[in-house]
Amino acid sequence: MKPSALRHGSRSRILAAVILGIAAIFVIRLFYLQVIQHGHYVALAQAEQMTRERIPAKRGEIYAMSGDSPVKMVLNETVFTVFVDPSVITKPKEVITVMKQVAGGNVRDDMEASVNAKELRYRVIANKVTRLQAEKIKDAGLKGIGFQAVSQRVYPEETLASQVLGFVDTEGEGKYGLEGFENEALKGVDGNLETVTDVSDIPLTIGDRNVRNPAVDGKDIVMSLDRNVQSHAEKALADGLQRTGATRGSVLIMNPNNGQVLAMANLPTYNPGKYFEVQDASAFNNETISAPYEPGSDVKTFTMATGIDKNVVRASDTFNNTDTIKVEDRTIGNATKGKTGTITFQTALAFSLNTGFVTVAQRLGDGKNINRTARDTMYEYFHDRFRLGQLTGIELSNEAKGIIISPDDPDGNAVRYSNMAFGQGLDATMVQVSGGFSALINGGNYFKPTIIAGEMVDGEFKKNATPVPLQSGVIQPSTSDQMREMMQAARVSSFGRYDKQGYNVGGKTGTSQVIKNGQYSNTETIGTYLGYGGAETPEYVIMVSVSGDNKELQGSRDALPIFTDISNWMLDYLKIQPKG
Amino acid sequence: MSNQSTSYYVNRRQQNWSRNQNTTRYVSAIKLGPVAHTVLVALMIIVLGLIYVTQATRTTGYDYEMQKIDSQIADYDQQKSELEIENTRLTALETVKNSSVAKEMTASSNTQYVQQ
């Protein structure tokens, strides 16, 4: 029948109108859903189909030197946290048995209770399970067990150089040492993956919205620290502490010709892989960089160098030693008494006579007083040239600054500077003293102390550029020569018999009082020794410090033997041929 | 309407081809109605759809293959990493010092250098 034949008001015409109406509703609804609500439903679909994953960057590894070759000191290991969904577990006894058999040492104490807690959906039952253990557990085919991969740091050398390395906490953040200072470089940058996945979460290449930004792995850093030197330094220090009864000690070994640190040993120590077991957090501190103290008589070398460099004194010059010297209203005495009369400054250095170095400070002024000129000169040399009381910028966390009181400060008076002449009244760290001392003996070139020698790139060791002095002309080369001669003569006169023959070894003892409750303690001293060794030129600087609560430790008796032990070993290790 | 052509549209090229040739136009005797056309179009759409689905599935198959290979690479990387750790542990100074070989060693005497 032709449409035109439909009569007005006929049932067929009404049916056609209804169908048309329904079709119109469909069209309108579809238009609403597909056009107006297009964005909303696309977003819903993407949320359902797209998976966004973080691609974790691999944390950079840390190497140390072993002679000329880098060796790994810190690596990454993937371990697994094992969890259960107790409501899904069908054979709880078997789960418990398998877990005990395969991962006994890693199982948590409440494992059995967790497995039987049917009302819970997620319980961790074991931590730090290895891949092999995880595979064995999976092979048992038990329901309700899951694994979560976790990356952790591994320190195969255990306690060796722990304060230099630092550790990584549970959040993946580096703390203390190199891990803390170079955290950002070691961490790298995580990548991300946005992709359509199937029901098994397998990424599919279909779709035009897939995004893949690969992770940038962290930098593999090579330290200048030599693990053999470090190991010997730690052993020598441990032996020294046992011998002397000291409870704390530090050793710093540096190459004076480029500022590279070869060893930094501190006792007590800890294992970075078990940092959470440490009871006393002070064990994390690297005392060589973070514990400023009054270096004591080691600083006499700086005072003498200043005097020689300013042409106010020579080693062979004399002064009248009365074992005491008056500075304003204070009287300063010598620890070693009896070397009175007209004596040389060489003798003053050999016997560490305070009066001799206060005299040097006076000669930097008008000869009788440590006036403003003398104080300005000492401040310039100590602070600006030898860089005591300044951050060295070494690449380790928690470096402390110390302090050298300026002559502009009301406390920077003559009494203060007379004390500074023999190492009191100022605070400096061992790395500052060693850095300044290196410039003092190497001809006057100050190198920034550094712990980083380079990095590993595609398995190849890329050395940093050859270090250049941060400041040249700290002192004149002739001053440096005279200082080496003085220190060598001082050592030969008293302790030379302990050194290997045919080498130039020199140094200075230091015994400094400890400030307790704002006053110098009469029952506690820190013993230090600061020295160098080599043949024609110095090849290493060693600084030793030993201390203990209520212990009177001396530089010559307690710290010097540790220096001697390490120094003689270094001459062999570095294959330094004797002179001539 | 007859399907047999009664009129000719002769363009220039056909004219060239046709030169000195007797061209004959064959007309199929099978006649398709609108229903058959519709069915054929639907079949073509289905075939094209099947081809698309086959290709898309094949791509997905590659994805599974890639995922499998990626997984293998990750496994090998992890095994390599574990071996490196084991190697580093075995060559750590403390391990070496405590080894039976090291315990048998004697302390070295003073190093002597030969003058050349």
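Annotations for the structure displayed:
- Exactly one residue out of A:Ser87, A:Ser69 is of a type outside the set (Phe, Trp, Tyr) and more than 30 Å from A:Gly146 (Cβ to Cβ): that is A:Ser69.
- Of residues in the stretch B:63-83 being within 7 Å of another protein chain (Cβ to nearest Cβ) and farther than 12 Å from A:Thr78 by Cβ, the one farthest from the chain's Cα centre (by Cα): B:Gln67
- Residue within the stretch A:106-126 that is within 13 Å of another protein chain (Cβ to nearest Cβ) and more than 30 Å from A:Leu237 (Cβ to Cβ) present: no
- Number of residues in the stretch A:464-477 that are exposed (fewer than 15 other Cβ atoms within 10 Å of the Cβ) and without any contact (Cβ under 8 Å) to a residue 60 or more places away in the chain equals 6.
- Within the stretch A:69-88, the residues that satisfy the criterion of being surrounded by fewer than 17 Cβ atoms within 10 Å (Cβ to Cβ) and within 14 Å of chain B (Cβ to nearest Cβ) are A:Ser69, A:Thr78.
- Subset of the stretch A:382-408 (residues that are of a type outside the set (S, T, N, Q) and in contact with a Phe, Trp or Tyr (Cβ under 7 Å, 6 or more places away or on another chain)): A:Phe382, A:Phe386, A:Arg387, A:Leu388, A:Glu395, A:Leu396, A:Ile404, A:Pro407
- Of all the numbered requirements in (1) farther than 30 Å from A:Ala265 by Cα; (2) in contact with a Ser or Thr (Cβ under 7 Å, 6 or more places away or on another chain), A:Pro156 misses one, and that requirement is (1).
- Taken over the stretch B:84-116, the residue count meeting the criterion of being under 30 Å from A:Gly502 (Cβ atoms) and either touching a Ser or Thr at 6+ places or on another chain (Cβ under 7 Å) or at the interface with chain A (Cβ under 9 Å from one of its Cβ atoms) (or both) is 7.
- Residues that are surrounded by 21 or more Cβ atoms within 10 Å (Cβ to Cβ) and assigned to a loop (DSSP other than H, G, I, E, B) were ranked within the stretch A:295-323; the one that is nearest to the chain's Cα centre (by Cα) is A:Pro295.
- From the list A:Thr537, A:Thr564, A:Thr511, the lone residue that is in contact with a helix residue (DSSP H, G or I) (Cβ under 7 Å, 6 or more places away or on another chain), closer than 28 Å to A:Arg227 by Cα and touching a residue at least 24 places away in the same chain (Cβ under 8 Å) is A:Thr564.
- Test result for A:Phe437, under 25 Å from A:Val164 (Cβ atoms) and either touching a residue at least 60 places away in the same chain (Cβ under 8 Å) or in a helix (DSSP H, G or I) (or both): yes
- Restricting attention to the stretch A:387-421, the residues being within 30 Å of the chain's Cα centre (by Cα) and in a loop (DSSP other than H, G, I, E, B) number 19.
- Counted as qualifying within the stretch A:129-229 are the helices (runs of 4 or more DSSP H) with 3 or more residues that are more than 14 Å from chain B (Cβ to nearest Cβ) and touching a Lys or Arg at 6+ places or on another chain (Cβ under 8 Å), namely A:183-187.
- Looking only at the stretch A:32-76, and only at residues there that are out of contact with any helix residue (DSSP H, G or I) (no Cβ under 8 Å at 6 or more places or on another chain) and among the hydroxyl-bearing types (Ser, Thr, Tyr), the one that is modelled with the highest pLDDT: A:Tyr63
- Enumeration of residues in the stretch A:324-364 that are under 43 Å from the mean Cα position of the chain (by Cα) and in a loop (DSSP other than H, G, I, E, B): A:Asn334, A:Ala335, A:Thr336, A:Lys337, A:Phe351, A:Ser352, A:Leu353, A:Leu364
- Exclusive hit being touching a helix residue (DSSP H, G or I) at 6+ places or on another chain (Cβ under 9 Å) and free of Cβ contacts under 8 Å to residues at least 24 places away in the same chain, set A:Phe302, A:Phe351: A:Phe351
- Hey, A:Leu75 outside any helix (DSSP H, G or I) and out of contact with any Phe, Trp or Tyr (no Cβ under 6 Å at 6 or more places or on another chain) or not: yes
The values are calculated or read from the model by the stated rules, or taken from the named source; none is laboratory data. Everything quoted here is computed from the prediction, not taken from an experiment. Glycine also receives a Cβ, built like all others from the backbone with ideal geometry; neighbour counts cover every protein chain displayed.
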